[in-house]
Amino acid sequence: MKNSIETTETVQSKDKWIDKIDQIKALTLMLEDQSKAIEIIRENLEVINKIINKVYMHLNSTSSGRLIYVGAGTSGRIAVQDAIELYPTFSWPKSRIAFVVAGGIKALYNTVENAEDDLNDAVFQSNNIDINDKDVVIGLSASSNTPFTLEVLKLANEKNALTVGIGNNFGIIRDVAKESIIIPTGSEIVAGSTRLKAGTAQKITLNIISTMIMVKFGRVKNGMMVAMVASNKKLKKRQILIDELLN
């Protein structure tokens, strides 16, 4: 039986059980379900726009404030992916990027038991990177209730950092983060597997936020990566092309 409000844990109706239907139909359902993430994000663009402006103003007020990403499981991996690409794509200083992942770095490639419930680790990692009032801390949680992520956001609030929560359910993260974006993606094709539509929505939302912040910092011009780090032959050729187009 479905709940009155669909969550990421809601089981699909029988006609959408991908292990019981024709494979092409299953693939079509998966694709259609993923595409819903974009429409739900579109409905939240005004909120996302407001948060982009607040994050930019906060970071622009200091030369050392960091973008700190927080998450557990899939959300943690998505967060780290966005964070580490800011330096090569936009030359955003590595010193102004940090991430706090439940279970630590090893959780990026291996499952760490009970990591998302470990509040002591949340405190340890937060203290280790010395979150302060210059920082922006972005927490991702598909359930919007992940204990590890909520704890880091609470600690960041105590340090007067700007906190932003991104979730896929209407949960506690709305009350903990100073700013929040809820992308209610609802039931997954595989019930509870937030590496699917919820993860897609999180990645798109983060991409939009971080890219527009870099635009506002002048690291994009005429739609091009004018501040990228040209670290290989392909990127060096791209840099030459960009220079030619700008001059």
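The values are calculated or read from the model by the stated rules, or taken from the named source; none is laboratory data. Note that the structure is predicted; figures quoted are calculated from it, not measured. A quick note on method: Cβ atoms are made from the backbone with ideal geometry, for glycine too, and the neighbour counts reach across all protein chains shown.
Quick look at the values:
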{"quantity": "Gly218 touching an Asp or Glu at 6+ places or on another chain (Cβ under 8 Å) and at positive phi", "calculated": "no"}
{"quantity": "Of residues in region 84-110 being among the β-branched types (Val, Ile, Thr) and outside any helix (DSSP H, G or I), the one surrounded by the fewest Cβ atoms within 10 Å (Cβ to Cβ)", "calculated": "Ile97"}
{"quantity": "Region 199-226, residues that are part of a loop (DSSP other than H, G, I, E, B) and buried (at least 18 other Cβ atoms within 10 Å of the Cβ)", "calculated": "Arg219, Val220, Met225"}
{"quantity": "Flag if Thr185 is crowded, with 22+ Cβ neighbours inside 10 Å and either hydroxyl-bearing (Ser, Thr, Tyr) or outside any loop (DSSP other than H, G, I, E, B) (or both)", "calculated": "yes"}
{"quantity": "Matching entry among Gln34, Gln81, Gln12 (being surrounded by fewer than 19 Cβ atoms within 10 Å (Cβ to Cβ) and part of a loop (DSSP other than H, G, I, E, B))", "calculated": "Gln12"}
{"quantity": "Pairs where the first residue, in region 221-241, is within 12 Å of Pro88 (Cβ to Cβ) and the second is among the aliphatic types (A, V, I, L, M) and loosely packed, with under 13 Cβ neighbours inside 10 Å, C-beta under 9 Å, 6+ apart", "calculated": "Ala230/Ile240"}
{"quantity": "Search result, residues across region 67-78 that are part of a helix (DSSP H, G or I) and among the hydrophobic types (A, V, I, L, M, F, W, C)", "calculated": "Ile78"}
{"quantity": "Selection within region 22-65 - in contact with a helix residue (DSSP H, G or I) (Cβ under 7 Å, 6 or more places away or on another chain) and over 30 Å from Lys216 (Cβ atoms)", "calculated": "Leu29, Asp33"}
{"quantity": "Residue satisfying all of: in region 144-170; in contact with an Asp or Glu (Cβ under 8 Å, 6 or more places away or on another chain) and not in a helix (DSSP H, G or I); surrounded by the most Cβ atoms within 10 Å (Cβ to Cβ) among these", "calculated": "Thr146"}
{"quantity": "Of the criteria (1) out of contact with any Lys or Arg (no Cβ under 8 Å at 6 or more places or on another chain); (2) among the hydrophobic types (A, V, I, L, M, F, W, C); (3) part of a helix (DSSP H, G or I), which one Ile21 fails", "calculated": "(3)"}
{"quantity": "Where a residue in region 44-58 is within 16 Å of Arg174 (Cβ to Cβ) and of a type outside the set (Gly, Ala, Ser) and its partner, wherever it lies, is modelled with pLDDT of 95 or more and part of a helix (DSSP H, G or I), with Cβ under 9 Å and at least six apart", "calculated": "Asn44/Thr205; Ile48/Ile41; Ile48/Thr205; Ile48/Ile208; Ile48/Ile209; Ile48/Met212; Ile51/Ile209"}
{"quantity": "Candidate set from region 120-143 (those that are part of a helix (DSSP H, G or I) and more than 17 Å from Lys159 (Cα to Cα)); member that is nearest to the chain's Cα centre (by Cα)", "calculated": "Asp121"}
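Let's see how each residue does on (1) modelled with pLDDT under 95; (2) in contact with a Phe, Trp or Tyr (Cβ under 9 Å, 6 or more places away or on another chain); (3) of a type in the set (Asp, Glu):
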position	(1), (2), (3)
Lys20	yes, no, no
Ile52	no, no, no
His58	no, no, no
Asp82	no, yes, yes
Tyr87	no, no, no
Ala98	no, yes, no
